[in-house]
Amino acid sequence: MNRAQVVEQLPGLRRYARALTGDAWAADDLVQDTLERACAKWRLWHAGTDLRAWLFTLMHNLYLNQRRGPQAVQAPVALEDVEGSLAAPTRSSDDAMDLDRCLQRLPADQRAVLLMVTLEDLSYEATAKILGIPVGTVMSRLSRARHRLRELMDGAPAARAAESPHPPLLRRLK
């Protein structure tokens, strides 16, 4: 692994980190942590194997570890303390912000698969290898993620159900 090979992967790593975290600062920190881990564990990478997949695996595992760790819990902030800094978004960026918000509302496992396959154009096999799951699970999570994202972008299914002229059928079970 040489410097040029790693530098080639930076745009993809940054894109994926930004989509995972939903925050530019957190994404940059995640990329830096990934590169630090790669430097520390470079002997685990085998020459001739997919460097991109290895780096994405490191990043994904770091992201999951950070979400589970003690730093994942943030202290609550009083609304009065940040009220002045909350500004309404400009109208032109509403769709992009809605997509980002909807992506962040997907379960982490579905979001990871969706981003790797659609944003990073990884194959199902590469995505399965990175995440350590079977290819069938990748396909299932991708399908569920696309379906849920479509629902979120169109509006919550509960809101649409209330508008439906036919209420759902209920069965009584004994």
Task: Contour excess over end-to-end distance, with Cα ends at Arg105 and Asn61 and 0.36 nm allotted per residue - done: 13.9 nm
Task: Solvent exposure of region 1-61 as accessible area per residue, Å², 1.4 Å probe - done: 60 Å²
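Taking 0.36 nm per residue of separation and subtracting the Cα-Cα distance, what length does fully extending Arg3 through Cys39 add?
Numbers: separation 36, 0.36 × 36 = 12.96 nm, distance 1.04 nm.
Computed gain between Arg3 and Cys39 is 11.9 nm.
The values are calculated or read from the model by the stated rules, or taken from the named source; none is laboratory data. If you're wondering where the values come from, they're calculated on a predicted model, not measured in any experiment. Side chains are part of the model used for accessible areas, which takes the heavy atoms of the whole protein and leaves out ligands, DNA and RNA. Shrake-Rupley method; radii C 1.70, N 1.55, O 1.52, S 1.80 Å.
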